[in-house]
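The values are calculated or read from the model by the stated rules, or taken from the named source; none is laboratory data. Note that the structure is a prediction, hence the values are computed from the model and not measured. Please note: Cβ atoms are built from the backbone with ideal geometry, for glycine as well, and neighbour counts cover all protein chains shown.
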Amino acid sequence: MANPPQSPLLIARGISKQFPGVLALDDVSLDVQRGEVVAIVGENGAGKSTLMKVIAGVYQPNAGEVIWNQKPVNFSGPLDAMRAGISLIHQELNLAENLSVLDNLFLGREDTIGGPLRLLARGRSRQLGLSLLERVGLPGAFLDRTVRTLPPGQKQLVEIARALGLNAQLLIMDEPTSSLTQRETDRLYEVIDGLKAAGVSILYISHRLAEVKRCADRAVVLRDGRNAGALARDEISHDALVRLMVGRDLKQLFPRTRTTTSGTPVLTIKDLRYLNGPDHAVSLEVRAGEVLGMAGLVGAGRTELSEAVFGLRSLTSGEIRLNGTPITIRKPKDAIDAGIVLVPEDRRLNGLVLESSVGFNLSLPNLDRLSLASLVRPAQERQLQRKSIEQLRIKTPSAAQAVGLLSGGNQQKVVFGKWLARSPKVLILDEPTRGVDVGAKTEIYTLIDQLAAQGLAVWMITSDMEELLGLSDRVVVLHEGRVTGELTRETLNEEAVMQLATGGTAS
Amino acid sequence: MKKNLIRLAGVTMLLMLLFTALGTSGPTALDRSNLYEVFNRHGALGVITLGAALLIVTGNIDLSVGSVVGFSAILFGVLMETGIDLQFRSLGINIVSGPIAPIPALILTLMGGVVIGLVHGLLVTRLRLQAFLVTLCGMFIYRGFARQLTAKNTGLVQVRELHPEFSSSIDFLRQWLVGKAPNGAQEFPMQLVVLLILALILGIVLHRTVYGRYWYAIGYNEQAARYAGINVERQKVMVFVICSTLASFAGVLLLLFAGSANPSDAGTSLELYAITAAVLGGCSLRGGEGLMIGFVLGALVQPVINNLMIFWNIPSSAEPWVIGLILLVGTIVDELLRRRNARK
């Protein structure tokens, strides 16, 4: 480092951010020089997005300080940060899709003439707009295109142009390439290089380690909401990043009661493709009496795959077998009738009718068995509800309680309960302990362990590394829709999982 | 459930208030003949309210109800008067049936309602059109159909003149469906009995069968219902069919009760009265809420107000704003109660 020491554009020091029940950031520090591209790397839930949102003023930290241009700042919101020169480019883009590119570039800060008449100064805006588009490498003719008609990559460039129009000195990009094609990604790199040369700094969150190597001057690694280390440009390598992302002692939250036995395959998926899914076909099998863990980073296509098997997405090719017999699944009812059930990722949206009672939810998918000529039999229904509440130890004053008023853990038990009453053959769990407090987590782990011990085939999708390593008999790892590897208990460790999840090969 | 009961208590109190007001408005207000009048109107409005309310429970809406009532009343009359006369020579269509006896005509009219409901349901579920738009278009289309069927009034008097052999069936239907004697005298508010029988059947469906459960689940959270393996589309079509068929039946009742119907105004605005009644009876337009008994009570509000206004010598032109105001006040009270509950 021969450069004379200059004062950094941004210093974040000792940042902590507490959410109910979770310490998302714990004493994290970060600095960014002028014209520097810093990549933020870490596992799901390591605190990357939270840190970015603190810097961009979306969240206010509980402790620590942010120093911007040598002055301590305390942004009250993203607008405040934007005025100061920090712009967050969102994962879900924040453009008004129905308006033109020009309108979007100046939305909310339109240049006007005529005093209180507030007439739009179209000529002046066009000129400024043209120069902004030029900086991100878009042709001037794009000014009049409707944003909706642009592909994702170009929308992103429009958003960057808008940030430049606000004289942004620091651009924060959260997974900017997740929905881009290779060509669009290359184009974005060029723009990033250009901005860097012009003195704009960039904070860049990415799951794709190859990209980090391509465009970052420095990589900062977060782990469990803390600084895990940093790598300078020439130190960045896939292995070095993974080593920093992992490297933690796993607490034994769950002593397993089972020993892995290789049962017969219950669910077999062969060369499966589904509508709007990845190009790669997926094959896997889930065996009786095992927990098959499925790992992968956000966007790897795990949830989509499980939804396809559950009949929520149309299959385009491939085969699903149950106990060796091919079955046809066109809608969820087909899967349920075959004995395949799904505990969805978003419990509140897909798993439960929140406004209705615990009992209503427990009965809902079981009404076919609780009724005679379509009339629900109250005695049978009450019995099922009572049994489920007892077996799963759902803490509720009564079956008539609205399920939305229960704690996250008890809500999740209701979702388990509504399916277990059917004695399923395959249980698909998508992030089974998301939003569940620690005490209830252990209960759910014990339950999953018991269910597998009883011979159920459990397919568990999870981003929680402890859960994955603690409960799984085997682990399948997905990366961008493709199975990149399978690990058995002997080869299973966090580093191996991260290697596969980031697109590397098992070493 | 608790919210449902609060709403029920609300509409019950409103009705008690209205009846007390009615009782003090004149010596004849609570006479049998006046109450018959109120309950007949209640029955007629109630029949369409049940269907509209079930649709609202599933989170949908039907704006075509009034036009379906009008179209069905006209269709029923025209079928008896002249029968089907569809001739499009260029297309090779030539259906001429001749006059149809009252009971088969009634069944054909109801089948028309079934077809309308099916069309609505399929457009909403298969093409994913919005129920609001589909039924708004329907509102114009069925009114147009009614006016195409006949330019002038259709009525039982003409039918009897043209086809004396239908008279006994007409008398039978009038007696058992609307409680009128052959000479036109009101003997009993049979429309209320018809409503109560329908409400009992649909109440069992809503509160005791698998279907009712599915409808509530779909109304509250369609996604969760789908993830629970429910065929959401089929259930929705079913409820659209129930709603339109009940509206058709209400059209039949209208012709039998009034004796004649005019194609341009029979049934107009009834969809709005039905939606109002459903909301007063406990429905939330967001779906998922309401009890059958609430729908029956909700449908009683407008007939009582209408009657009250006659006794108070308020011109009937004021009726729309009075109904609107009561609903608005009800909505405000409901919202305030909800906020207070949310704070607790």
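Checking the structure you have, find out if any residue of the stretch A:90-103 is at pLDDT below 90, assigned to a helix (DSSP H, G or I), closer than 29 Å to residue A:33 by Cβ and touching a strand residue (DSSP E or B) at 6+ places or on another chain (Cβ under 9 Å). No. Under the condition of being within 15 Å of residue A:161 (Cβ to Cβ) and not in a loop (DSSP other than H, G, I, E, B), the residues counted in the stretch A:104-136 number 13.
Could you list, in sequence order, the residues of the stretch A:107-139 that are without any contact (Cβ under 8 Å) to a residue 12 or more places away in the chain and either surrounded by 15 or more Cβ atoms within 10 Å (Cβ to Cβ) or farther than 26 Å from residue A:156 by Cβ (or both)? Within the stretch A:107-139, A:112, A:113, A:114, A:115, A:116, A:117, A:118, A:119, A:120, A:121, A:123 meet the criteria.
With a cut-off of at least 3 residues that are closer than 23 Å to residue A:269 by Cβ and more than 11 Å from every other protein chain (Cβ to nearest Cβ), name the strands (runs of 3 or more DSSP E) lying wholly within the stretch A:312-390. Result: A:315-322, A:325-327. Contact map, the stretch A:309-325: residues that are closer than 12 Å to residue A:273 by Cβ paired with residues that are of a type in the set (A, V, I, L, M) and exposed (fewer than 15 other Cβ atoms within 10 Å of the Cβ), Cβ distance under 7 Å, separation 6+ or inter-chain. Pairs shown: A:313/A:275; A:314/A:275; A:316/A:275.
Looking only at the stretch A:469-498, how many residues end up being part of a helix (DSSP H, G or I), out of contact with any Asp or Glu (no Cβ under 8 Å at 6 or more places or on another chain) and surrounded by 23 or more Cβ atoms within 10 Å (Cβ to Cβ)? Steps first, answer last, please.
The first filter runs over the stretch A:469-498 and keeps only residues part of a helix (DSSP H, G or I), leaving A:469-471, A:494-498.
Okay, now just the ones that are also out of contact with any Asp or Glu (no Cβ under 8 Å at 6 or more places or on another chain), so A:470, A:494-497.
Then drop every residue that is not surrounded by 23 or more Cβ atoms within 10 Å (Cβ to Cβ), which leaves A:497.
Of the residues in the stretch A:469-498, 1 are part of a helix (DSSP H, G or I), out of contact with any Asp or Glu (no Cβ under 8 Å at 6 or more places or on another chain) and surrounded by 23 or more Cβ atoms within 10 Å (Cβ to Cβ).
Show me the helices (runs of 4 or more DSSP H) found entirely inside the stretch B:113-223 where at least 1 residues are more than 14 Å from chain A (Cβ to nearest Cβ) and of a type outside the set (A, V, I, L, M). Before you say what the answer is, go through the steps one by one.
Working: elements: B:131-149, B:156-162, B:167-173, B:190-208, B:210-220.
Fully inside the stretch B:113-223 and qualifying: B:131-149, B:156-162, B:167-173, B:190-208.
I'd like the full set of residues that are out of contact with any strand residue (DSSP E or B) (no Cβ under 7 Å at 6 or more places or on another chain) and either more than 23 Å from residue A:22 (Cα to Cα) or at pLDDT 90 or above (or both), limited to the stretch A:447-467. Result: A:447, A:449, A:450, A:453, A:454, A:455. Just to verify a result, which residue in the stretch A:195-236, among those that are among the polar types (S, T, N, Q) and modelled with pLDDT of 85 or more, is farthest from residue A:19 (Cα to Cα)? Within the stretch A:195-236, the match that is farthest from residue A:19 (Cα to Cα) is A:201. Within the span defined as the stretch B:89-110, one or more residues are closer than 30 Å to residue B:290 by Cα, surrounded by 23 or more Cβ atoms within 10 Å (Cβ to Cβ) and not aliphatic (A, V, I, L, M). Among residues that are under 23 Å from residue B:66 (Cα atoms), aromatic (Phe, Trp, Tyr) and buried (at least 21 other Cβ atoms within 10 Å of the Cβ), residue B:273 is included.
Only one residue in B:45, B:55, B:35, B:75 is over 20 Å from residue B:265 (Cα atoms) and buried (at least 24 other Cβ atoms within 10 Å of the Cβ), so which one is that?
On the way: B:45 fails: over 20 Å from residue B:265 (Cα atoms); B:35 fails: buried (at least 24 other Cβ atoms within 10 Å of the Cβ); B:75 fails: over 20 Å from residue B:265 (Cα atoms).
When all the criteria are applied, what remains is B:55.
Among the residues of the stretch A:426-444, those identified as modelled with pLDDT of 90 or more, in contact with a Ser or Thr (Cβ under 8 Å, 6 or more places away or on another chain) and not in a loop (DSSP other than H, G, I, E, B) are A:428, A:429, A:430, A:444. Exactly one of these conditions fails for residue B:282: (1) assigned to a helix (DSSP H, G or I); (2) surrounded by 20 or more Cβ atoms within 10 Å (Cβ to Cβ); (3) modelled with pLDDT under 95. Give me its number. Checking residue B:282 against (1) assigned to a helix (DSSP H, G or I); (2) surrounded by 20 or more Cβ atoms within 10 Å (Cβ to Cβ); (3) modelled with pLDDT under 95, the one that fails is (1).
Tallying residues that are surrounded by fewer than 24 Cβ atoms within 10 Å (Cβ to Cβ) and assigned to a helix (DSSP H, G or I) within the stretch B:225-238 yields 7. Has the stretch A:321-330 got at least one residue that is touching a Gly at 6+ places or on another chain (Cβ under 7 Å) and surrounded by fewer than 16 Cβ atoms within 10 Å (Cβ to Cβ)? Checked against the condition, which is being touching a Gly at 6+ places or on another chain (Cβ under 7 Å) and surrounded by fewer than 16 Cβ atoms within 10 Å (Cβ to Cβ), the stretch A:321-330 yields at least one hit. Among all residues of the stretch B:294-308, there is none that is farther than 26 Å from residue B:51 by Cβ, free of Cβ contacts under 8 Å to residues at least 24 places away in the same chain and surrounded by 11 or more Cβ atoms within 10 Å (Cβ to Cβ).
Take the conditions under 25 Å from the mean Cα position of the chain (by Cα), within 20 Å of residue A:166 (Cα to Cα) and either surrounded by 13 or more Cβ atoms within 10 Å (Cβ to Cβ) or of a type in the set (Val, Ile, Thr) (or both) and apply them to residue A:86. Does it pass? Criteria met by residue A:86. In the stretch A:285-311, the qualifying residues are those that are away from chain B (no Cβ under 14 Å) and on the phi > 0 side of the Ramachandran plot, and the one that is surrounded by the most Cβ atoms within 10 Å (Cβ to Cβ) is A:296.
Residue count for the stretch A:252-278 satisfying the condition of being modelled with pLDDT of 85 or more and of a type outside the set (S, T, N, Q): 12. Every listed requirement among (1) surrounded by fewer than 16 Cβ atoms within 10 Å (Cβ to Cβ); (2) closer than 30 Å to residue A:404 by Cβ is met by residue B:222 save one, (1). When each of A:369, A:434 is tested for being without any contact (Cβ under 8 Å) to a residue 60 or more places away in the chain and not aliphatic (A, V, I, L, M), the lone residue that passes is A:369.
The residues of the stretch A:403-413 that are within 14 Å of chain B (Cβ to nearest Cβ) and at pLDDT below 90, listed by number, are A:404, A:405.
From the list A:421, A:440, A:400, pick out the single residue that is farther than 20 Å from residue B:230 by Cβ and buried (at least 18 other Cβ atoms within 10 Å of the Cβ).
Working: A:421 fails: farther than 20 Å from residue B:230 by Cβ; A:400 fails: buried (at least 18 other Cβ atoms within 10 Å of the Cβ).
The unique qualifying residue is A:440.
On inspection, residue A:36 does not qualify as acidic (Asp, Glu), surrounded by 14 or more Cβ atoms within 10 Å (Cβ to Cβ) and either under 22 Å from residue A:155 (Cβ atoms) or under 26 Å from the mean Cα position of the chain (by Cα) (or both).
Of all the residues that make up the stretch A:391-405, how many are of a type in the set (A, V, I, L, M, F, W, C) and either more than 19 Å from residue B:220 (Cβ to Cβ) or assigned to a helix (DSSP H, G or I) (or both)? Outline the logic, then answer.
Of all residues in the stretch A:391-405, those of a type in the set (A, V, I, L, M, F, W, C) come to A:392, A:394, A:399-400, A:402-403, A:405.
With the extra rule that they be either more than 19 Å from residue B:220 (Cβ to Cβ) or assigned to a helix (DSSP H, G or I) (or both), the set shrinks to A:392, A:394, A:403, A:405.
Total satisfying the criteria: 4.
Residue check: residue A:334 meets all listed conditions (1) crowded, with 20+ Cβ neighbours inside 10 Å; (2) at pLDDT 95 or above but one, namely (1).
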